[in-house]
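Report on one structure; see the data block that follows.
The values are calculated or read from the model by the stated rules, or taken from the named source; none is laboratory data. Everything quoted here is computed from the prediction, not taken from an experiment. Please note: Cβ atoms are built from the backbone with ideal geometry, for glycine as well, and neighbour counts cover all protein chains shown.
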2 protein chains.
Amino acid sequence: MSLLLTGIAELTTNDPARGDGHADPGDALLGVIRDAALVVSDDGVVEWVGAADEAPDTDHRRDLGGRAVIPGFVDSHTHLVFAGDRSAEFAARMTGTPYDGGGIAVSVAATRAASDDELRALVAARVAEMRAQGTTTVEIKSGYGLTLDDELRSLRIAREVTAHTTFLGAHVVPREYASDRAAYVDLVTGPMLDAVTADGPTALAESIDVFCEPHSAHAFDGDEARTILEAGRAAGLALRVHGNQLGPGPGVRLACELGARSVDHCTFLDDADVEALAAARGATVATLLPGVEFSTRSPYPDGRALIDAGVDVALASDCNPGTCYSSSIPFAIALAVREMGMTPAEALHAATAVSARSLGLDRRIAPGQPAELAVIDAPSHLHLAYRAGVPIVRALDL
Amino acid sequence: MSLLLTGIAELTTNDPARGDGHADPGDALLGVIRDAALVVSDDGVVEWVGAADEAPDTDHRRDLGGRAVIPGFVDSHTHLVFAGDRSAEFAARMTGTPYDGGGIAVSVAATRAASDDELRALVAARVAEMRAQGTTTVEIKSGYGLTLDDELRSLRIAREVTAHTTFLGAHVVPREYASDRAAYVDLVTGPMLDAVTADGPTALAESIDVFCEPHSAHAFDGDEARTILEAGRAAGLALRVHGNQLGPGPGVRLACELGARSVDHCTFLDDADVEALAAARGATVATLLPGVEFSTRSPYPDGRALIDAGVDVALASDCNPGTCYSSSIPFAIALAVREMGMTPAEALHAATAVSARSLGLDRRIAPGQPAELAVIDAPSHLHLAYRAGVPIVRALDL
């Protein structure tokens with residue numbers, strides 16, 4: 001039994017070949033069909049996509065009342081496994097206390113102290129909150145455990161809700177290793193990585209990630225990051241990198257050189273970084289996280305310049321307790337448009353098609369694809385940025 | 001029968017005398033009580049406020065599960081009575097088309113063409129959307145009618161949902177009067193104002209407002225604005241002013257001189273404007289609308305400097321189809337903290353206590369006050385800015 005969805009004022013397919021031929025470049029990029037219809041099988045696979053007046057007959061119909069339908073957001077960078085409250089740190093930062101990554105230790109202590117069930121409930125609540133805002137696919141990193149057992153526990157809890165888990169033992173050097181950083185890198189690349197991959201390379205984690213940031217005493221420099229990423233790659237994990245967040249650094253070029261799926265933040269780039277990203281098009285995505293710049297009062301990366309240079313640009317939330325406790329992809333889209341010079345269409349594409357690619361996924365709405373959809377209480381995706389801050393988009397429950 | 005609300009991790013009373021004596025200046029401003037309880041009568045009046053362990057017995061109890069409770073937001077500047085869609089104008093502006101107020105004519109045409117029931121349904125949906133985001137009191141302006149009949153209709157429809165209606169016949173000079181501005185001012189101050197006040201000074205509108213903006217060919221200069229405001233005052237209406245939005249101008253000083261309850265936008269101020277506002281403290285509020293600066297890519301007003309100068313600063317949404325189609329007060333609060341140097345406590349105070357004052361209301365949580373409350377899915381009001389873009393606050397239905 002198939003379900004016919006009608007009353008779709010505008011459908012973003014992310015398939016330029018499928019659009020209905022509008023001259024608008026944004027509509028072309030998104031493969032927009034106006035007055036569209038969709039048929040979904042009862043096991044959640046798209047069976048038919050097209051103009052409403054050409055839709056086939058089905059047993060069941062549902063009228064979406066003139067709303068816009070988009071691919072569900074793919075949030076490809078989150079840190080959802082944590083306990084504790086750092087709102088006071090945020091308030092202090094807004095009145096001048098700079099961010100250097102040191103507050104991560106607060107979350108590490110609270111996360112270690114939490115029970116499995118407490119962490120599981122926190123993660124479930126955050127994933128539900130994201131789904132209520134249109135996110136249907138989420139990547140989740142470990143990184144607030146920083147012991148072998150606590151990192152494994154974080155990954156297990158994350159894996160219960162998503163296939164897209166990332167081992168981030170190299171989030172920061174924990175306090176207990178501050179005087180022997182090399183020993184911590186050995187722990188991450190040795191016993192931790194062995195345990196993460198013990199049941200098969202991607203049994204627990206799809207990717208490995210590192211916070212490569214010479215400007216933070218807590219994070220990892222280029223040589224340490226290379227060691228960690230090469231070990232992860234050798235163990236069969238895909239690579240992701242936190243790079244160039246707090247200042248210029250080697251993260252972006254290292255990610256491109258090693259074929260990482262994504263390098264995230266990209267806040268402080270020089271010309272060589274942009275050239276490396278452009279040359280890595282099709283392999284390495286630049287994932288921008290403007291909620292972080294908002295919540296740390298940092299300058300924003302120049303998304304416009306990256307796109308114009310030919311870089312694959314994705315958007316994600318970086319939902320985490322320190323630098324951005326926003327799980328809202330619509331908010332990231334609004335910031336991309338207001339602050340980074342991206343068009344509404346580019347921002348939506350970045351938060352769906354490109355972020356999906358950084359997780360090895362295809363996020364088009366096309367026959368044979370899973371029906372991971374979101375619906376907007378408005379006739380056009382333009383309203384995501386136009387109605388900044390207003391909760392008008394949610395995952396579509398079929 | 002009274003209802004006891006328990007499980008309140010933090011209660012913002014807006015009554016400094018009622019706070020539990022924290023040293024934090026934000027908590028003092030907000031009159032914060034931690035681990036609080038509230039008793040509400042069955043006709044919605046606050047009967048008791050205090051520490052949970054001192055709460056009286058009541059027949060009914062409701063546990064809010066460790067959430068924060070705040071006074072419901074008072075959105076003291078909105079334009080909710082309109083039809084039509086201007087999302088494409090927003091998208092064009094984000095790629096460089098400047099805003100000059102000319103797009104208002106698009107909304108005027110669509111609003112005039114809509115039926116009463118269409119407008120009524122649009123307003124109801126917007127008020128419900130705001131309530132779902134924590135706003136319990138809303139001011140609504142006319143201003144997309146700009147004929148006698150259409151302005152009256154807008155005010156009647158607005159008055160069905162709020163007592164706080166504002167006659168904004170002087171939103172812009174409509175196209176049909178472009179070559180005879182004086183005739184339009186005569187219409188506003190004569191037949192329109194007579195009709196608005198025919199059944200008593202405030203039977204249909206509580207206030208009169210004018211878009212005083214020499215930088216827009218569509219809006220009103222200082223002399224025109226004075227004529228309109230003086231006529232409104234003589235007819236018994238309170239005064240509100242759109243001032244200094246697009247550039248320096250006479251709006252702010254005029255508002256202070258005439259004893260307006262509020263002058264709104266205040267984006268471009270000189271020292272004399274700030275001095276006038278500080279001198280008008282207790283009479284005239286400066287209502288900042290940062291969603292407008294976000295959605296028009298304008299510089300933000302310096303909220304910090306205004307507060308430090310002794311100005312009463314309120315926050316509101318300016319929800320309207322042109323310059324800010326955001327109805328989100330939490331978003332305005334996040335912008336106030338990120339972009340205007342206000343503390344989270346100052347921003348919350350501005351969006352409740354001070355905006356209320358600009359409508360002649362008292363928005364403290366105290367015995368005898370109406371229980372207009374909002375509840376946050378977090379233990380502290382700090383999360384309103386900390387969790388930017390995430391829908392965590394809603395009006396509390398009792």
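General remarks:
- The residues listed here are B:VAL313, B:VAL292; of these, the one that is away from every other protein chain (no Cβ under 13 Å) and at negative phi is B:VAL313.
- Cβ-Cβ contacts under 7 Å between residues 6 or more apart (or on different chains), taken from a first residue in segment B:178-199 that is touching a residue at least 40 places away in the same chain (Cβ under 8 Å) and small (Gly, Ala, Ser) to a second residue that is assigned to a helix (DSSP H, G or I) and surrounded by 19 or more Cβ atoms within 10 Å (Cβ to Cβ), are listed as B:ALA195/B:LEU152.
- Odd one out for B:THR166, checked against (1) of a type in the set (Ser, Thr, Tyr); (2) closer than 14 Å to B:ALA225 by Cβ; (3) touching a residue at least 60 places away in the same chain (Cβ under 8 Å): (2)
- Residue match in segment B:257-276 (condition: in contact (Cβ under 8 Å) with a residue 24 or more places away in the chain, β-branched (Val, Ile, Thr) and part of a helix (DSSP H, G or I)): yes
- Unmet requirement for B:GLU47, which otherwise passes all of (1) of a type in the set (Asp, Glu); (2) buried (at least 16 other Cβ atoms within 10 Å of the Cβ); (3) within 14 Å of chain A (Cβ to nearest Cβ): (3)
- Checked against (1) among the small types (Gly, Ala, Ser); (2) in the same structural domain as B:HIS77 (by TED's automatic domain parsing); (3) under 29 Å from A:LEU382 (Cβ atoms), B:ALA385 passes all but condition (2).
- The lone exception for A:GLY247 - which of (1) in contact with a Phe, Trp or Tyr (Cβ under 9 Å, 6 or more places away or on another chain); (2) assigned to a loop (DSSP other than H, G, I, E, B); (3) surrounded by 21 or more Cβ atoms within 10 Å (Cβ to Cβ) it fails: (3)
- Considered as a group, the residues in segment A:95-126 that are within 13 Å of chain B (Cβ to nearest Cβ) and within 20 Å of the chain's Cα centre (by Cα) include one that is farthest from A:LEU80 (Cα to Cα), and that residue is A:ALA125.
- Hits in segment A:201-227 (condition: surrounded by 24 or more Cβ atoms within 10 Å (Cβ to Cβ) and outside any strand (DSSP E or B)): A:ALA205, A:GLU213, A:ALA219, A:ALA225
- Residues of segment B:72-86 that turn out to be within 10 Å of chain A (Cβ to nearest Cβ) and either without any contact (Cβ under 8 Å) to a residue 12 or more places away in the chain or more than 20 Å from B:ARG297 (Cβ to Cβ) (or both), as a count: 1
- Close pairs from segment A:336-357: first within 12 Å of another protein chain (Cβ to nearest Cβ) and outside any helix (DSSP H, G or I), partner of a type in the set (Gly, Ala, Ser) and buried (at least 23 other Cβ atoms within 10 Å of the Cβ), Cβ under 8 Å, at least 6 apart: A:MET340/A:GLY303; A:GLY341/A:GLY303; A:MET342/A:GLY303; A:MET342/A:ALA336; A:MET342/A:ALA350
- Some residue of segment B:174-185 being basic (Lys, Arg), surrounded by fewer than 22 Cβ atoms within 10 Å (Cβ to Cβ) and modelled with pLDDT under 95: yes
- Qualifying residue in segment A:242-251 (condition: of a type in the set (A, V, I, L, M, F, W, C), out of contact with any Lys or Arg (no Cβ under 8 Å at 6 or more places or on another chain) and without any contact (Cβ under 8 Å) to a residue 60 or more places away in the chain): no
- Qualifying residues in segment B:87-136 (those that are modelled with pLDDT of 95 or more and among the β-branched types (Val, Ile, Thr)) - the one nearest to B:VAL172 (Cα to Cα): B:VAL108
- Meets criteria (touching a Leu at 6+ places or on another chain (Cβ under 8 Å), farther than 27 Å from A:THR323 by Cβ and either within 14 Å of another protein chain (Cβ to nearest Cβ) or among the polar types (S, T, N, Q) (or both)) for A:ALA91: no
- Any hit, segment B:14-22, residues being in contact (Cβ under 8 Å) with a residue 12 or more places away in the chain, within 13 Å of chain A (Cβ to nearest Cβ) and either charged (D, E, K, R) or crowded, with 22+ Cβ neighbours inside 10 Å (or both): no
- Looking at A:ARG34, A:ARG61, just one residue is in a strand (DSSP E or B) and within 14 Å of chain B (Cβ to nearest Cβ), and that residue is A:ARG34.
- Looking across segment B:361-382 at every residue that is surrounded by fewer than 23 Cβ atoms within 10 Å (Cβ to Cβ) and touching an Asp or Glu at 6+ places or on another chain (Cβ under 8 Å), the one that is farthest from the other protein chains (Cβ to nearest Cβ) is identified as B:PRO367.
So that you can scan it fast, the table gives a plain yes or no per residue for (1) in contact with a strand residue (DSSP E or B) (Cβ under 8 Å, 6 or more places away or on another chain); (2) closer than 23 Å to B:THR162 by Cα:
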position: B:PRO191; (1), (2): no, no
position: B:ALA195; (1), (2): no, yes
position: B:HIS215; (1), (2): no, no
position: B:ASP221; (1), (2): yes, no
position: B:VAL241; (1), (2): yes, yes
position: B:LEU277; (1), (2): yes, no
position: B:VAL285; (1), (2): yes, yes
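- When A:ASP308 is tested against (1) within 12 Å of chain B (Cβ to nearest Cβ); (2) out of contact with any Cys (no Cβ under 8 Å at 6 or more places or on another chain); (3) over 16 Å from A:ASP264 (Cβ atoms), just one condition goes unmet, and that condition is (1).
- Scanning segment B:229-244 for residues that are crowded, with 24+ Cβ neighbours inside 10 Å and outside any loop (DSSP other than H, G, I, E, B) gives B:LEU229, B:GLY232, B:ARG240, B:VAL241, B:HIS242, B:GLY243.
- Any hit, segment B:270-292, residues being surrounded by fewer than 17 Cβ atoms within 10 Å (Cβ to Cβ), closer than 29 Å to B:ASP180 by Cβ, assigned by TED's automatic domain parsing to the domain that holds B:GLY96 and touching a helix residue (DSSP H, G or I) at 6+ places or on another chain (Cβ under 8 Å): no
- Verdict on A:PRO330 being part of a loop (DSSP other than H, G, I, E, B) and either closer than 19 Å to A:GLN133 by Cβ or assigned by TED's automatic domain parsing to the domain that holds A:THR137 (or both): no
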